[in-house]
Amino acid sequence: MKRKTIAMLMVASMTVALFAGCGSKSDESDSGKVKLTFLDKHPEDEYKGYFEEAIADFEKENPDIEIEYENISDQAMKEKLSVLAAGGDLPDIFFCWGGECLNRFSRSGKTLDITSYMDEDAEWKNSFLPAFLSSSVYEGKNYAVPYRSSVLYMLYNKQVFADNNLDVPTTWDEFIDVCDTLKNKEITPIAFGNSDKWYTMWYVGQFNANFVNKDVRTADYNPSSGTFTDEGYVKAVQTFLDLNDAGYLGKNVNSKDYYQVREEFAAGKQAMILDATSQFSFYTGAMGEDGYGYFKIPIPDGATGDEASTIVTGGSENYAISAETKHPDEAVKFLKFLTKKAQAEKQTKETGLPNAIIGGITEDNSDAVIAAAYKTSEDYNAIAEWLDQCVDGNVSNTYMASLQEALDGKSAEDVMADVQKAAKEVADANK
């Protein structure tokens, strides 16, 4: 038993050393240039070439700076960031998801506060879509910049709406009226499939933002202080369950998955579907630009959150700078290069990755529907990051499992009782 324990410790030590080595950085390259290490998560061929070219262009403009680039997969990034942060050896510049993923680095002093750089360059700061820039703010300070964005909208099949003389709803009552009209004509109003459990989190995450004040959500999404006792969380779950109980989501929703129902929506079998702008290209390919439209998710009746009318669920992918970097000015210069409007437009055109710049997504580098959707997103002031990314993994897994049970009859109160229990266990473990 003792030998086994020693062997396990040796393997763990070697693993940490391996990861730490990947993140190690030095002041200068062999050529005497300032060297910055950059960790990103786009190893796929359709993305990798763009980022390599962008780095080469930056180095050409800044011959005294050299970028040491590492590019790994999504899952590897989740594991590696934690290991590097624990070892105090984060790269100079690194990819990070928004929400709690970024906040935990900011809280622990791992990321550089770049507020002063943004205040000194108001043009740069004001170039970002406000909702996405806000997702990189922690306690009033900027700790990252968004380079990729995604916004949640309700999509609708234009042919189905036209055939049934339906107008695009703008209020919750109008939305429910549309659902009732479709249901009475034996048309499933909303395409929904939850066999993989995560799809419920889009709905509940949005409704949490409608019903619960920002400061409460921020405290609850923090693993060390989450309680989820605000009554708004129950209202959010109940609002979602009401859609299912009314039959608007169709039948046997836990036996279908997201990919199945989006195909059915595209084929005209359902009238609406909740989806993100990052997925719009699928619908354009399947239905054409004129086959579908989108509308802002109506604010539910009784929503009293302080951001109820100005927030939307979405996601930002960001670049942050290590608090330990020895070259903060050069690192900020690189971030400015990657996120300047011309470069952002090129990113979207060449890779399809939607940028986070005001006016940065147009019909020249995207399609008409996506361009219009991002124009609409300028009305939002805040982003509610994907709920399964905002909260601790144990809380997220409990949320998803309990919501799946709720679609088969479990109450909203019982769902939140499960979440509260998981949150307490996580908070106790983080004390």
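Considering only alpha-carbon pairs that sit under 8 angstrom and 6 or more positions apart, the relative contact order computed for the chain is 25 percent. Length gained on full extension, LYS349 to ASP215: 44.5 nm, using 0.36 nm per residue less the C-alpha separation. Taking every alpha-carbon pair under 8 Å whose residues sit at least 6 apart, segment 228-332 reaches a relative contact order of 13 percent.
Are there GluC sites (Glu not before Pro) in segment 97-167 that DSSP marks as loop and that have at most 15 other Cβ atoms within 10 Å, and which are they? Each step should come with its number before you reach the end.
Values: sites: GLU100, GLU120, GLU123, GLU139; in loops: GLU139.
For GluC sites (Glu not before Pro) across segment 97-167 that sit outside H, G, I, E and B with at most 15 neighbouring Cβ atoms in 10 Å, the list reads GLU139.
Here the Gaussian network model covers the chain, with springs between Cα atoms less than 10 Å apart; of ILE93, ILE299, ILE72, ILE72 fluctuates the most. The alpha carbon gyration tensor of segment 221-339 gives principal lengths a ≥ b ≥ c with a/c of 1.5 or higher and a/b no greater than b/c, which makes the shape oblate. For GluC sites (Glu not before Pro), the sites in segment 363-431 that DSSP calls loop and that have at most 12 other Cβ atoms within 10 Å are GLU363, GLU378.
Amide H contacts for ARG148 (H built 1.01 Å from N in the peptide plane; partners 5 or more residues away or on another chain; cut-off under 5 Å): GLU317. Its relative contact order, with pairs defined as Cα atoms under 8 Å and 6+ residues apart, puts segment 298-428 at 23 percent. Sparsely packed loop sites in segment 167-266 (the GluC sites (Glu not before Pro) outside DSSP H, G, I, E and B with at most 11 other Cβ atoms within 10 Å) comprise GLU186.
Here the Karplus curve 6.51 cos²θ - 1.76 cosθ + 1.60, taken at θ = phi - 60°, turns the phi angles of segment 56-65 into couplings of 4, 5, 5, 5, 5, 6, 10, x, 8, 10 Hz, with x standing for Gly and Pro. Calculate, for ASP306 and ASP257, the FRET efficiency according to 1/(1 + (r/R0)^6) with r their C-beta to C-beta distance and R0 51 Å; round to the nearest 0.05. Here the calculated transfer efficiency is 0.90.
Given the -39500 (n - 2.57) contribution per DSSP H run of 4+ residues, what per-residue ellipticity at 222 nm results for the chain, rounded to the nearest 500 deg cm²/dmol?
On the way: 20 runs with 216 residues, N = 431.
Dividing the helical sum by the residues of the chain leaves -15000 deg cm²/dmol.
Pairs from the table (LYS35/LYS110; LYS60/LYS340; LYS78/LYS340; LYS158/LYS296; LYS80/LYS326; LYS125/LYS431) lying more than 25 angstrom apart at Cα are LYS78/LYS340; LYS125/LYS431. Amide H to amide H, with H built 1.01 Å from N, SER195 comes under 5 Å of LYS256, ASP257, TYR258, counting only residues 5 or more places away or on other chains.
Using 0.36 nm times the number of residues separating ASP173 and GLN75, minus their current alpha carbon distance, what extension gain do you get?
Working: separation 98, 0.36 × 98 = 35.28 nm, distance 4.11 nm.
This chain segment gains 31.2 nm when fully extended.
Along its first, second and third principal axes, ordered by size, the chain spans 73, 60, 38 Å in Cα coordinates.
One quarter of the convex hull surface built on the alpha carbon atoms of segment 324-407 amounts to 9.1 nm², the projected area averaged over directions. When every Cα-Cα distance of segment 290-431 is counted in 10 angstrom steps from zero, the calculated P(r) takes the values 9, 23, 30, 24, 12, 1 percent. In terms of overall dimensions, segment 235-289 has a Cα radius of gyration and Dmax of 12.7, 37 angstrom.
Note that segment 178-192 has calculated 3J(HN,Hα) couplings of 4, 4, 5, 4, 5, 4, 5, 9, 6, 10, 5, x, 10, 6, 8 Hz, one per residue in order, obtained from phi through the Karplus relation 6.51 cos²θ - 1.76 cosθ + 1.60 (θ = phi - 60°); glycine and proline are x.
Cut-off 17 Å, label point 7 angstrom out along Cα-to-Cβ of ASP196: give me the residues of segment 255-272 whose amide nitrogen falls inside. It comes to 255-266, nothing else. Measuring from a point 7 Å past the Cα of GLU264 along Cα-to-C-beta, which residues in segment 126-160 have an amide N at less than 19 Å? Taking a point 7 Å out along Cα→Cβ of GLU264, the residues of segment 126-160 whose backbone N falls under 19 Å are 154-160. Along segment 34-51 the Karplus relation, 6.51 cos²θ - 1.76 cosθ + 1.60 evaluated at θ = phi - 60°, assigns HN-Hα couplings of 5, 10, 10, 8, 9, 10, 10, 10, 10, x, 5, 4, 5, 10, 4, x, 4, 5 Hz to successive residues, with x for each Gly and Pro. If you run the Gaussian network model on the chain, springs between alpha carbon atoms under 10 Å, then out of PRO43, PRO91, PRO223 the most flexible one is PRO43.
What translational diffusion coefficient, in µm²/s and rounded to a whole number, does the Stokes-Einstein relation yield for segment 52-113 at 4 °C and a viscosity of 1.567 mPa s, taking the hydrodynamic radius as the Kirkwood radius over Cα pairs? Spell out each step's value before the answer.
Working: Rh = 13.3 Å.
Translational diffusion coefficient: 97 µm²/s.
Dividing the alpha-carbon radius of gyration of segment 137-228 by 2.2 N^0.38 Å (N being the number of residues), what value is obtained? Display every interim value, and only then the final one.
Details: Rg = 18.1 Å, N = 92, 2.2 N^0.38 = 12.3 Å.
Against the empirical 2.2 N^0.38 Å value, I get 1.48 for segment 137-228.
Put simply, the amide H of ALA384, placed in the peptide plane, has neighbours under 5 Å in VAL312, THR313, GLY314, leaving out anything fewer than 5 places away on its chain.
Once the piece of chain linking LYS375 and ASP121 is laid out straight, how much longer is it, given 0.36 nm per residue of separation minus the C-alpha distance between them? Before the final figure, lay out the partial values.
Values: separation 254, 0.36 × 254 = 91.44 nm, distance 2.38 nm.
89.1 nm is the gain from fully extending LYS375 to ASP121.
The distance from the alpha carbon centre of segment 64-116 to that of segment 396-431 is 29 Å, rounded to a whole number. Each residue, LYS326 and ASN397, gets one label point 7 Å from its Cα in the Cβ direction; the gap between the two is 4.1 nm.
When both bridge partners sit in the chain, DSSP labels roughly 60% of those beta bridges antiparallel. Eigen-decomposition of the gyration tensor built on the alpha-carbon atoms of segment 273-326 gives equivalent ellipsoid semi-axes of 30, 24, 6 angstrom, largest listed first. When a/c is below 1.5 the answer is rounded, else prolate if a/b is larger than b/c, else oblate, so apply that to segment 24-157 with a ≥ b ≥ c taken from the square roots of the Cα gyration tensor eigenvalues. It is rounded, given that a/c, with a ≥ b ≥ c, falls under 1.5.
No lab work stands behind these numbers, since they all come straight from the coordinates. Just so you know, these numbers come straight off a predicted model, no measurement behind them. So basically every Cβ, Gly included, is an ideal-geometry build from the backbone, and we count neighbours across all protein chains shown.
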